[in-house]
Amino acid sequence: MQAKHPGWRTAFLFVVLFAGVWSGPAFGNVDKRANSAVSPLPYPKALQPQVEFWTKIFATYSEYQVVIHDAVYLDKVYAVLDFRPLLKKHSKAKVRKLKAKRTKQELRKVRAALRKLHIHGAKGRTLSAREKKIRTLFKDVKERHKFRKAAAKKRLRAQSGIRERFRQSLRISGRYLPRMEKIFRQKGLPVVLTRLPLIESSFNIEAYSKVGAAGIWQFMPATGRLVRLTINHVVDERLDPLIATRAAADLLKANYDKLQTWPLAVTAYNHGRAGMARAVRKVGTRDIATIIRRYKSRTFGFASRNFYAELLAAIEVEKNSAKYFGPVKRDPLLRYDEVDLQHFVSLENLASAADTSTERLVALNPSFGPLIRNGKLHVPRGHRLRIPAGARKDFTRRYAALSPRAKADQQAAAFAFHKVRRGQTLGGIAQRYGTSARTLQRLNGLRSAHFIRIGQRLRVPLRGKGRRPAARSVQVARAASRDGTHIVRRGESLGKIARRYNTTVAALQRLNGIKNAALIPAGKKLRVSADSPDKGKARYVKHRVRRGQTLGSIARRYGTKVSILKRLNGVKNVKRLQIGQVLRIPTG
């Protein structure tokens, strides 16, 4: 790459060094007075450098620009790397690789300069131009070993801009914000708090974090259940923007009641209510700026220290969006009717009754889990279903006309496989799926309910509510053998399974990648035919790619795998999906 373009660093890479160019506009409509009627959120003067920093990240810098800066003093900016000119000659994928490589190089150079300043002192005649500028940058910092501390791994950061994503999030927010604001008003909360999704998720309803937070409000499962969100294999209300907004309002109100200031309540949304209460006790103040400066905790990291400042910056950028982005046309408010379901009904039948597509129904009801979306489970009885606006009357008529078989009194029977994670118990897994530990023990041939291992795959019976007899579960499991697969039961050997399906042990080993025929755990799903399961009966739905979607998010939505979608659709590079591209999604 570099051999072909040896001069790319000098020809295409524009580097703006140091804080001399880091001057920003005066703050617009975020009121800096603590008791202002314009904004109930205090604006501590000590947080101004942080707010200015995040304002530029949100509104000025592109995703192809990287700011190299200090993590404590955010006004100490060492460099701004600009990779946008490279887009004229290279693909986005290649520019991203060059961006990662060049950023690492710049971090190493800045760290080396800081260490030299610490070791050799600040004698002007021995310093390079870079080192002299860093020395000037830290002239106002009065602390011992300031350069050594600034060179630490957690102090030296690289932050990409998100100007494009922030502008898009403002557009998408139009679908939900009016209703979100109404919810917050009804609960007596500051309406500006509805802007937290701008920094949490960019209003991406399919957002998932690496640690399992989901939806526009980025609820963790435990926190979501604490504020009465339903989170299970049938529905996940974290993914519904409006249901999750009610839960977020309750959480923020509880934070405020406990911590007594909005800066602390907002920070607690990221760091936890107990964590912020502990910070108040240790530091002896409720002043957010003092806590950020003085509170030391392993878990109170960069994200928590900057969370409130990011919100203030997001409010500033939104209120002055025309100044930063030009005209921003918001998406129209999402409109719909609602009906309460009296039965367990499939998504396909509900879409038919609403005279719409299953995709449209899922878009209106994003809390539906993969098993509802792929038709394995019904939409549960008692669910408040959203349907297209104006469709209630016709829906009621068509729903009444559905056959008795289409309107069940209980959830559809199905199996899922659960991968055991660290800290999980059989009892906890059983509770999650509405069954019993004893049933799971029987279904998976476990000798003891107390011994399951991380990574182990367990068969779990699925129903919307309640438990079902083990005998019925076994019947469903055996039915699976008719489609070319077999679930290993306790006491079965590979030889016995081979005889049952008129094949050989060697053939089963080859089909399933088994090295040791003596080691096949109960519950393992085996292919027993060279033909793929359901061959000739494959069923698919079509999905049109929307802005911001990835192959991973689409796979999660339909309960399938990225590798399957790649193979079915001939996708070679998962990062090159096109908006409007139509993908085939397996429903079986």
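Brief remarks follow.
- Across region 446-498, the number of residues qualifying as modelled with pLDDT of 75 or more, among the hydrophobic types (A, V, I, L, M, F, W, C) and part of a strand (DSSP E or B) comes to 3.
- Boolean, residue 266 is in a helix (DSSP H, G or I), farther than 24 Å from residue 367 by Cα and touching a residue at least 40 places away in the same chain (Cβ under 8 Å): yes
- Hey, residue 93 without any contact (Cβ under 8 Å) to a residue 24 or more places away in the chain and either of a type in the set (Gly, Ala, Ser) or in contact with a His (Cβ under 7 Å, 6 or more places away or on another chain) (or both) or not: no
- Residue match in region 380-389 (condition: in contact (Cβ under 8 Å) with a residue 12 or more places away in the chain, closer than 26 Å to residue 457 by Cα and in contact with a His (Cβ under 8 Å, 6 or more places away or on another chain)): no
- All positions within region 179-204 that are touching a residue at least 12 places away in the same chain (Cβ under 8 Å), within 26 Å of residue 57 (Cα to Cα) and in a helix (DSSP H, G or I): 180, 181, 192, 193, 194, 195, 196, 197, 198, 199, 200
- Inspection of region 51-60 finds a residue satisfying the criterion of being modelled with pLDDT of 95 or more, among the β-branched types (Val, Ile, Thr) and in contact with a strand residue (DSSP E or B) (Cβ under 7 Å, 6 or more places away or on another chain).
Okay, residues lined up against (1) closer than 30 Å to residue 246 by Cβ; (2) crowded, with 20+ Cβ neighbours inside 10 Å; (3) at pLDDT 95 or above:
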residue	(1), (2), (3)
127	no, no, no
137	no, yes, no
152	no, no, no
193	yes, yes, yes
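This table checks each residue for (1) under 21 Å from residue 412 (Cβ atoms); (2) aliphatic (A, V, I, L, M); (3) surrounded by 22 or more Cβ atoms within 10 Å (Cβ to Cβ).
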| residue | (1), (2), (3) |
| --- | --- |
| 306 | no, no, yes |
| 309 | no, yes, yes |
| 312 | no, yes, yes |
| 325 | no, no, no |
| 329 | no, no, no |
| 339 | yes, yes, no |
| 356 | no, no, no |
| 392 | no, no, no |
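- Residue among 133, 142, 116 that is at pLDDT below 95, within 25 Å of residue 48 (Cα to Cα) and assigned to a helix (DSSP H, G or I): 133
- All positions within region 227-252 that are in a helix (DSSP H, G or I) and free of Cβ contacts under 8 Å to residues at least 24 places away in the same chain: none
- Criterion violated by residue 279 - all others in (1) out of contact with any Gly (no Cβ under 9 Å at 6 or more places or on another chain); (2) under 22 Å from residue 199 (Cβ atoms); (3) exposed (fewer than 15 other Cβ atoms within 10 Å of the Cβ); (4) without any contact (Cβ under 8 Å) to a residue 60 or more places away in the chain satisfied: (3)
The values are calculated or read from the model by the stated rules, or taken from the named source; none is laboratory data. All values derive from a computational prediction rather than experimental measurement. Cβ sites come from the backbone with ideal geometry, for glycine too, and all protein chains shown count toward neighbours.
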